[in-house]
Amino acid sequence: MINRYFGSIAERFEEMARERGLLPIITCTRRRPELEIEAVKAMLSWQVDWVVATGATNPDKISALCQQAGVPTVNLDLPGSLSPSVIRITTAARKR
């Protein structure tokens with residue numbers, strides 16, 4: 001199954017980052033917790049400025065790792081208690 005939502009988000013995110021002179025690092029971890037943690041640890045070792053998490057199985061674990069490293073995080077379409085979350089409202093949700 002192809003996740004078109006993730007693809008469109010990643011593509012637009014990269015465009016917007018590059019317009020601002022930034023180079024985003026984007027990875028797909030296929031909702032596998034061990035790959036999520038591996039990816040975050042790698043990004044932190046590269047001294048990234050921010051981590052944006054989307055589709056993660058445990059966003060608070062990612063946020064905690066980032067907080068320990070002093071790196072801010074934001075969750076996209078994910079609930080979480082340790083980082084701000086930006087939640088998309090779907091057409092179906094608007095009709096309720």
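Shown in residue order for the range 66-79 are the 3J(HN,Hα) couplings computed by the Karplus curve 6.51 cos²θ - 1.76 cosθ + 1.60 at θ = phi - 60°: 5, 4, 4, 8, x, 10, x, 10, 9, 9, 10, 6, 9, x Hz (x for Gly and Pro). Spin-label model, residue 12 to residue 67: label points 7 Å out along the Cα-to-beta-carbon direction sit 2.9 nm apart.
Does the range 16-62 classify as rounded, prolate or oblate by the C-alpha gyration tensor (a ≥ b ≥ c root eigenvalues; a/c under 1.5 gives rounded; else a/b over b/c gives prolate, otherwise oblate)? Mind showing how you got there, number by number?
Working: a/c = 2.29, a/b = 1.74, b/c = 1.31.
Verdict is prolate for the range 16-62.
Relative contact order for the range 4-94: 19 percent, from Cα pairs under 8 Å spaced at least 6 residues apart, divided by residue count.
Ranked highest first by the average count of other Cβ atoms within 10 Å around their residues, in what order do 74-81, 43-50 fall? Provide the component values of the computation, followed by the final result.
On the way: 74-81: 16.5, 43-50: 12.0.
Going from most to least packed, we get 74-81, 43-50.
How would you rank 27, 54, 73, going from fewest to most other Cβ atoms within 10 Å of each one's own Cβ? Before the final figure, lay out the partial values.
On the way: 27 13, 54 18, 73 21.
Listed from fewest to most nearby Cβ atoms, that is 27, 54, 73.
Around the amide H of residue 54, modelled in the peptide plane, lie the amide H atoms of 76, all under 5 Å away and 5 or more residues distant in sequence or on another chain. Using the Karplus relation 6.51 cos²θ - 1.76 cosθ + 1.60 with θ = phi - 60°, the per-residue 3J(HN,Hα) values for the range 46-53 come to 8, 6, 5, 7, 8, 10, 10, 9 Hz, with x marking Gly and Pro. Stretched out fully, how many nm does the piece from residue 20 to residue 32 gain, at 0.36 nm a residue minus the Cα gap? Fully extending the segment from residue 20 to residue 32 adds 1.2 nm.
Only the coordinates and a few stated rules stand behind these numbers; no lab work does. Since the structure is predicted, the reported quantities are computational estimates derived from the model, not experimental observations. No Cβ is skipped: glycine too gets one built from the backbone with ideal geometry, and neighbour counts run over all protein chains shown.
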